[in-house]
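A.B. asks: Take a look at the following structure, please.
The values are calculated or read from the model by the stated rules, or taken from the named source; none is laboratory data. Model, not experiment: these values are computed from the prediction. Every residue, glycine among them, receives a Cβ derived from its backbone with ideal geometry; neighbour counts consider all protein chains shown.
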Amino acid sequence: MIKTRVLVVDDSALVRSLLTEIINRQTDMQCVGTAADPLVAREMIRELNPDVLTLDIEMPRMDGLDFLAKLMRLRPMPVVMVSTLTERGGEVTLRALELGAIDFVAKPKIGVADGLRLLGEEITSKVRIAAQAKVRKPAHPLTNPDGAQHLPVPRAAPAALGRLSTEKIIFIGASTGGTEATKDLLMALPADAPAVMITQHMPPGFTRSYAARLDSLCRISVSEATDGERILPGHAYVAPGGLHLSVERSGTNYIARVADGDPINRHKPSVEALFLSAARVVGPNAMGVMLTGMGADGAKAMRVLRDAGSWNVAQDEASCVVFGMPKEAIAADAVHEVLTLQAIAPRLLERLRSTGGASTNRL
């Protein structure tokens, strides 16, 4: 068996030892080395040619984000952030994902040894996913390595759709790579686009910052969903980390339902919960979008959504970081078209203009 070769970069000798132990317990991966700071890591990358890097943020001699920015520019490779700082409300995590990190794991603040061992399955799962992921240099990172923020190169504003029925809702499911993919899709929508409801696999503590970042970049308003709020055109609603998001009808209005519950397909929030509610409540007034992500969460529910009359699209393999969720949706015959990420928003708007927002379940 060919093992995934992992290089661990962390300034804590204890963490380096624990991560080495966790990785080497797996039959399909091997820790080929550890580095206490990015300068040592740089030489070890040249020498060992690892498949995946685990990277801390606060380290001596060079900040982890500075190193990540340089790495993605000069020698792009899969990186999983493993840092206590990633638990700090999401800003640092979002910067790392913008710079090209595949995923992140929040180290426990106290009880590091026991805490990391409990996180062993999550860490190794994300290393496996990272080893399969496509890595790309970020075209227009939103944050410079020094922390200064800037907007991407402006694009021409999409033409307004004009008055549309408040019945129409776009539903988006995403996981690994989805934070950036969803951002790109939402930035291509006009201010008067239909309402958008989003389930992105994220843990508690990150989605509020993520929604705020999207809101600062997009023409539509973006917020973390609140239980019972009315779903309005020109707004996007992000499922809170650790809670399921669904849609319900209240008289003539759609409302968001945010609730706790058991994980579905091992996820909370789950795309399945959102898409099944869309099929039940919105039906032919829905448009479903499956973006990059590992696994099959939402694929069967997307087929139910299609059968209820929605029009669905999946991101194509070439533009996905991980093709798992779109691939499963395609295999379930749940989608009408498979498009590059850049083509999805224009196609949605084209259909809305040509049909007046109506959806169909025919190819």
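A.B. asks: All but one of (1) β-branched (Val, Ile, Thr); (2) over 27 Å from Gly205 (Cβ atoms); (3) without any contact (Cβ under 8 Å) to a residue 40 or more places away in the chain hold for Ile255; which doesn't?
C.D. replies: (2)
A.B. asks: Here's another thing I want to ask about it. Taking the conditions exactly as written (assigned by TED's automatic domain parsing to the domain that holds Ala278, farther than 30 Å from Ala131 by Cα, in a loop (DSSP other than H, G, I, E, B) and within 19 Å of the chain's Cα centre (by Cα)), does Leu189 satisfy them or not?
C.D. replies: Values: assigned by TED's automatic domain parsing to the domain that holds Ala278: yes; farther than 30 Å from Ala131 by Cα: yes; in a loop (DSSP other than H, G, I, E, B): yes; within 19 Å of the chain's Cα centre (by Cα): yes.
Judged against the criteria, Leu189 is a match.
A.B. asks: Now, a different point. So, in region 1-51, of the ones that are out of contact with any Asp or Glu (no Cβ under 7 Å at 6 or more places or on another chain) and hydroxyl-bearing (Ser, Thr, Tyr), which residue ends up surrounded by the fewest Cβ atoms within 10 Å (Cβ to Cβ)?
C.D. replies: Result: Thr27.
Let's see how each residue does on (1) modelled with pLDDT under 95; (2) within 30 Å of Thr84 (Cβ to Cβ):
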{"site": "Gly205", "(1), (2)": "yes, yes"}
{"site": "Asp227", "(1), (2)": "no, no"}
{"site": "Glu248", "(1), (2)": "no, no"}
{"site": "Pro269", "(1), (2)": "no, yes"}
{"site": "Ala278", "(1), (2)": "no, no"}
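A.B. asks: For the subset of region 192-213 comprising residues that are in a loop (DSSP other than H, G, I, E, B) and not charged (D, E, K, R), which member is surrounded by the fewest Cβ atoms within 10 Å (Cβ to Cβ)? Walk me through how you get there before you give the answer.
C.D. replies: As a first pass, look at region 192-213 and keep what is in a loop (DSSP other than H, G, I, E, B): 192-194, 201-206.
From the residues that got through so far, the ones that are not charged (D, E, K, R) too are 193-194, 201-206.
Details: Ala193: 26, Pro194: 27, His201: 25, Met202: 24, Pro203: 18, Pro204: 12, Gly205: 17, Phe206: 26.
Looking at the filtered set, the residue picked out is Pro204.
A.B. asks: I'd like to verify a number: residues in region 308-337 that are surrounded by fewer than 22 Cβ atoms within 10 Å (Cβ to Cβ) and farther than 12 Å from Thr292 by Cα, how many?
C.D. replies: Adding up the residues that qualify gives 8.
A.B. asks: For Ser216, work out the one condition from (1) outside any loop (DSSP other than H, G, I, E, B); (2) crowded, with 24+ Cβ neighbours inside 10 Å; (3) over 16 Å from the mean Cα position of the chain (by Cα) it doesn't fulfil.
C.D. replies: Failed condition: (2).
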